[in-house]
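> Here you go, one structure.
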Ligand code: SF4
């Protein structure tokens, strides 16, 4: 049997899991199907009732000139809402890669003969063609995108793209390409600030693949959940981050200003100032650029946020600006990244333990932060190149 390679995100992945897929006869049982192989003329109406229990679908491409699999993928994503892994199985060529991703495929499964004709470098280079198309849909769509696939349906406009590109040099780039370019642009002068929250693994994973020696800082306020600290240790080790900096508040100041540890209840802004603003100022101030995980959909203040913001003393790079929550979930699933352990317990936005509660179904994910206070953000922003505590409740959050 010829061996196969999975091309995902322009890289070669282990394809052993897809070596022995089930065929349509597996639908007769009601069990979960790990990998299902279907022909490119399969009747999707018949398949629809079982889609929720199929983890991965391989669509057969008998030849690269046969494009019926692309239509099938689009229908599965757009009409039937299939959310599992969708893989094009056959001798596609790199020129078709961008289009395959647009149609909703997660990866391409090729045999050795195809890989001999087109190397991994060819596939990786082809991914760059995808960047503009991939992100453009988000920017054009009014309001936050609901999913990668919905947003890609929006018609592109070259004129408007040109205007946006002028205002935001990184507009149209994928998150990974944004990071690559930003790390190169601000070489040695850029830092990633992470909260080790529910989305944090995405940027940490991307950074680890580009430059694991990039400085990464985490504010260890002394008030975090034990689970967050365990998650921090796991991710740092897993991703091989070699310049991880665990920033703690000045202990003498903590003793003087919050001796019994209850400042968060009486004066939360002062507590954030003591445990976040001042420690952060001592470290991050030395960098010309900072990578954040902020996204447009999260708050009204972020709705028009650019990917690259260079209007302050410190540039901000927001690779996930156009991402939706669903995109984060999908990325984590595609790369098999571990979720924050508290996510399964209903914590959708996680900060310090005393200031974080679970959210219930239908609530805004950030409703669990400072629930019994008007406070909505950490209150950290930059004025004249210095990190300061905000006088208003609604300002940019540092993380
Ligand atoms: S989030 Fe709460 S506990 Fe953490 S520093 Fe701010 S007020 Fe203090």
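Since every read-out is calculated from the coordinates, none of them should be taken as a lab result. Not measured: the values here are computed from a predicted model. As a convention, Cβ positions derive from the backbone with ideal geometry for all residues, glycine included, and neighbour counts pool all protein chains shown.
> Give the residues of segment 1-25 whose amide nitrogen is closer than 17 Å to a point set 7 Å from the Cα of residue 119 in the direction of its Cβ.
From segment 1-25, the list is 10-13.
> Take every Cα pair under 8 Å in segment 174-389 that's 6+ residues apart, average their separations, divide by the length, and report that relative contact order as a whole percent. Mind dumping the intermediate values first?
Values: 323 pairs, mean separation 50.5, N = 216.
Relative contact order of segment 174-389: 23 percent.
> Semi-axes, largest first, in whole Å: what does sqrt of 5 times each Cα gyration tensor eigenvalue give for segment 174-389?
On the way: eigenvalues 126, 91, 62 Å².
After scaling each eigenvalue by five and taking roots: 25, 21, 18 Å.
> Measuring from centroid to centroid over Cα atoms, what is the spacing of segment 67-88 and segment 103-118 in Å?
For segment 67-88 versus segment 103-118, the Cα centre distance is 17 Å.
> Let me have the relative contact order for segment 4-132, percent, based on Cα pairs under 8 Å that are six or more residues apart.
Details: 212 pairs, mean separation 36.2, N = 129.
Here the relative contact order equals 28 percent.
> Let me ask you something else. Considering only DSSP beta bridges where both residues belong to segment 4-132, give the percentage that are antiparallel (nearest 5). Don't skip to the end; give the middle numbers.
Details: 7 of 21 bridges.
Among the beta bridges of segment 4-132, antiparallel pairing accounts for roughly 35 percent.
> May I ask you to compute the full-extension gain from residue 336 to residue 226, defined as 0.36 nm times their residue separation minus their alpha-carbon distance, rounded to one decimal in nm?
Numbers: separation 110, 0.36 × 110 = 39.60 nm, distance 2.27 nm.
Net length gain for the segment: 37.3 nm.
> How much length is gained if the chain between residue 11 and residue 247 is pulled fully straight, taking 0.36 nm per residue apart and subtracting their Cα-Cα distance, in nm to one decimal? Mind showing how you got there, number by number?
Values: separation 236, 0.36 × 236 = 84.96 nm, distance 3.44 nm.
Extra length from residue 11 to residue 247 when fully extended: 81.5 nm.
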